[in-house]
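Engineer: Please read through the structure below; I'll follow up with questions.
The values are calculated or read from the model by the stated rules, or taken from the named source; none is laboratory data. Since we're looking at a predicted model, the values are computed, not measured. When we count neighbours, we look across all protein chains shown, and the Cβ atoms used for this are built from the backbone with ideal geometry, even at glycine. Please note that ligands, DNA and RNA were not included when accessible areas were found on the heavy atoms of the full protein model with its side chains. Shrake-Rupley method; radii C 1.70, N 1.55, O 1.52, S 1.80 Å.
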Amino acid sequence: PRVGKSGELACRILDSQGAVLATSTRTDLHDLCGPLRAKTGPVYVFNPSGLGGLASTVVFDPLIGCEDPVTASQRAGDLLAGANPGGGPHGGDREHWVGQARRVLAALMHAAVLGGASMRDVQAWVADPASAKREVLAHLRRSLEPSCVADASQFFGTNDRTQTSITTTIMPGLGWLADYQAYGATQPAGDGSRVRLDIAGLIEQRGTVFLIGAEEAHTEIGRA
């Protein structure tokens, strides 16, 4: 603390000739560098926890790109890693259940994209598999990857104990959906105050994204 880290980082941000993604648990880098970086290119804020009252101006939905099953698997892994950093609810069996949960969550996220559903729909499917089975499998019939159908079918058809263990592993990774600010950071605003992050445009225009996160589990998950 108090050794000049913010000042050194601010210099690097201001000196950058290209696009910048600056992460912090405070708003100081945004306050110091935002006005000057705006002379270089567009400046955006991704602040899912609403730290310092600074509103997000750019959003990122974890479902973007999940029409590709590989991307869906990567996103599911990120969400579960953020929610289960230690021993988790299953102790020594954690690795096994996280692996099972990743396959199921990836299949559900893939189904959501194919069916035009949202992450909150995914959360509802996990919470009530019996009611979700027909809808999810209908969406997955549009998939070109048969393993997603197999993973979802196995989840819906397994015994109650196994299903509960998978659900228990997944649900912490979706806990951020209960936070309206974190969920809002995944959804564009109708008035244009929050737009989807365009990576190609950000690089081309030499823009800046200030990614601000409180030291809270749901924020780390949302940032995944």
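Engineer: Quote the charge dipole size of the chain about the Cα centre in Debye, to the nearest 20; the model charges only the Cβ of Lys and Arg (+1) and of Asp and Glu (-1).
Structural biologist: Values: 20 positive and 23 negative charges, 30 e Å.
The calculated dipole for the chain is roughly 140 debye.
Engineer: Oh, and also: Pairs of Cα atoms under 8 Å, at least six residues apart: use those to get the relative contact order of the range 93-224, whole percent.
Structural biologist: 23 percent
Engineer: How do Tyr44, Tyr180 rank by accessible surface area computed with a 1.4 Å probe, from largest to smallest?
Structural biologist: So the residues, ranked largest to smallest area, are Tyr180, Tyr44.
Engineer: Could you state the angle between the C-alpha long axis of helix 28-37 and the longest principal axis of the C-alpha atoms of the chain, as a value from 0 to 90 degrees rounded to the nearest 10?
Structural biologist: 70 degrees
Engineer: Now for a different question. Based on the mean of other beta carbon atoms within 10 Å per residue, what is the order of 36-43, 108-115, 6-13, most packed first? Walk me through the numbers on the way to the answer.
Structural biologist: Details: 36-43: 15.9, 108-115: 24.0, 6-13: 14.4.
Going from most to least packed, we get 108-115, 36-43, 6-13.
Engineer: Another one. Let me spell out the model: positive unit charges on the Cβ of Lys and Arg, negative unit charges on the Cβ of Asp and Glu, origin at the Cα centre of the range 1-133. What dipole size does that give, in debye rounded to 20?
Structural biologist: In total the dipole reaches around 240 debye.
Engineer: May I pose another question? Going by amide H atoms built from the backbone, whose H comes under 5 Å of the H on Val45, apart from near neighbours?
Structural biologist: Answer set, sorted by chain and number: Thr57, Val58, Phe210.
Engineer: Just the accessible area for Ser118, please: 1.4 Å probe, Å², rounded to the nearest 10?
Structural biologist: Roll a 1.4 Å probe over it and Ser118 shows about 30 Å².
Engineer: Using Cα pairs closer than 8 Å and at least 6 residues apart in sequence, work out the relative contact order for the range 12-153, in percent.
Structural biologist: So the answer I get is 18 percent.
Engineer: Sticking with this structure for a sec: What value, in deg cm²/dmol to 500, does the helix sum -39500 (n - 2.57) over DSSP H runs of n ≥ 4 give at 222 nm once divided by the residues of the chain?
Structural biologist: Values: 11 runs with 120 residues, N = 224.
Counting only the DSSP helices, I get -16000 deg cm²/dmol.
Engineer: Per residue, what accessible area does the chain have, given a 1.4 Å probe and all protein chains present, in Å²?
Structural biologist: 51 Å²
Engineer: Take the alpha-carbon centre of the range 109-162, take the same for the range 163-181, and report the distance between them in whole Å.
Structural biologist: That distance is 15 Å.
Engineer: Compute the Cα gyration tensor for the range 1-59, then decide on rounded, prolate or oblate, letting a ≥ b ≥ c be the square roots of its eigenvalues: rounded whenever a/c is under 1.5, prolate when a/b is larger than b/c in the other cases, and oblate in all that remain.
Structural biologist: oblate
Engineer: Give the shape of the chain as rounded, prolate or oblate, defined through the alpha-carbon gyration tensor: a ≥ b ≥ c are the square roots of its eigenvalues, a/c under 1.5 means rounded, and otherwise the shape is prolate if a/b is larger than b/c and oblate if not.
Structural biologist: Prolate.
Engineer: Note the full-extension length gain between Glu204 and Arg2 as 0.36 nm times their separation in residues minus their Cα-Cα distance, in nm to one decimal.
Structural biologist: Value of the extension gain: 69.2 nm.
Engineer: Carbon and sulfur atoms: what percent of the 1.4 Å accessible area of the chain do they account for?
Structural biologist: 52 percent
Engineer: Answer rounded, prolate or oblate for the range 100-189, using the Cα gyration tensor with square roots of eigenvalues a ≥ b ≥ c: rounded when a/c is under 1.5, else prolate when a/b is larger than b/c, else oblate.
Structural biologist: Numbers: a/c = 2.14, a/b = 1.28, b/c = 1.67.
Since a/c reaches 1.5 but b/c is at least a/b, the shape of the range 100-189 is classed as oblate.
Engineer: Using the Karplus curve 6.51 cos²θ - 1.76 cosθ + 1.60 with θ = phi - 60°, work out ³J(HN,Hα) for each residue of the range 191-197 in order, rounded to whole Hz, and write x for Gly and Pro.
Structural biologist: Computed from phi, the couplings for the range 191-197 are 8, x, 6, 10, 10, 5, 5 Hz.
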